[in-house]
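Undergrad: Would you mind keeping the following structure in view while I ask a few things?
The values are calculated or read from the model by the stated rules, or taken from the named source; none is laboratory data. Note that the coordinates shown come from a computational prediction; the quantities given were computed from them, not determined experimentally. As a convention, Cβ positions derive from the backbone with ideal geometry for all residues, glycine included, and neighbour counts pool all protein chains shown. When the accessible area is computed, the model is the full protein with side chains, heavy atoms only, and any ligands, DNA or RNA have been set aside. Shrake-Rupley method; radii C 1.70, N 1.55, O 1.52, S 1.80 Å.
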Amino acid sequence: MATDAPPPAKGERPLPSAEEFSEVQQSAEFVELRRSFRSFAFPLTIAFVAWYLLYVLLSNYAGGFMGTKLFGNINVAFVFGIAQFVTTFLIAWWYSRHAAAKLDPKAEAIKSRMEGGA
């Protein structure tokens, strides 16, 4: 079983070597890209997991509170459950904007340099 990539087509640059990937990974540009991603994704992930666990814990241990009717047949648990979906979509939207504005340009610059376009 071959693990090597197929040879490049005529006129194309060969794929970067493992050493080139290691160099890029150590570059300040890549470190900044990784920092931009982590500084956005990690806090939001922690916040969302905490929000979700709050919902689960309240559902399990605060049944009286979660069963409180707000209006008609709508109770606190229903509102919190819908808020989970809304939060998920808002985070996805916010991340896509962040990625388009901050991550994608940096990643594209690294990619084009690796492919020999810069």
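Undergrad: Of all residues being of a type in the set (Phe, Trp, Tyr) and either in contact with a Cys (Cβ under 9 Å, 6 or more places away or on another chain) or within 23 Å of Phe48 (Cα to Cα) (or both) in region 60-81, which is surrounded by the most Cβ atoms within 10 Å (Cβ to Cβ)? Just the residue, please.
TA: That would be Phe80.
Undergrad: What helices (runs of 4 or more DSSP H) completely inside region 24-118 contain at least 1 residues that are touching an Asp or Glu at 6+ places or on another chain (Cβ under 9 Å)? If you could, list the steps in order and put the result at the bottom.
TA: Values: elements: 28-61, 63-66, 76-98, 104-114.
Those helices (runs of 4 or more DSSP H) span 104-114.
Undergrad: Could you tell me whether Phe21 is at pLDDT 75 or above, exposed (fewer than 11 other Cβ atoms within 10 Å of the Cβ) and of a type in the set (A, V, I, L, M, F, W, C)?
TA: Against the criterion (at pLDDT 75 or above, exposed (fewer than 11 other Cβ atoms within 10 Å of the Cβ) and of a type in the set (A, V, I, L, M, F, W, C)), Phe21 does not qualify.
Undergrad: Right, next: Out of region 28-57, which residues are in contact (Cβ under 8 Å) with a residue 24 or more places away in the chain, closer than 21 Å to Pro105 by Cβ and hydroxyl-bearing (Ser, Thr, Tyr)?
TA: The answer is Ser36, and nothing else.
Undergrad: Step by step: first the residues of region 24-40, then only those that are open to solvent by less than 60 Å² (accessible area, probe 1.4 Å) and among the small types (Gly, Ala, Ser), then the one that is nearest to the chain's Cα centre (by Cα). Which residue is that?
TA: Ser36
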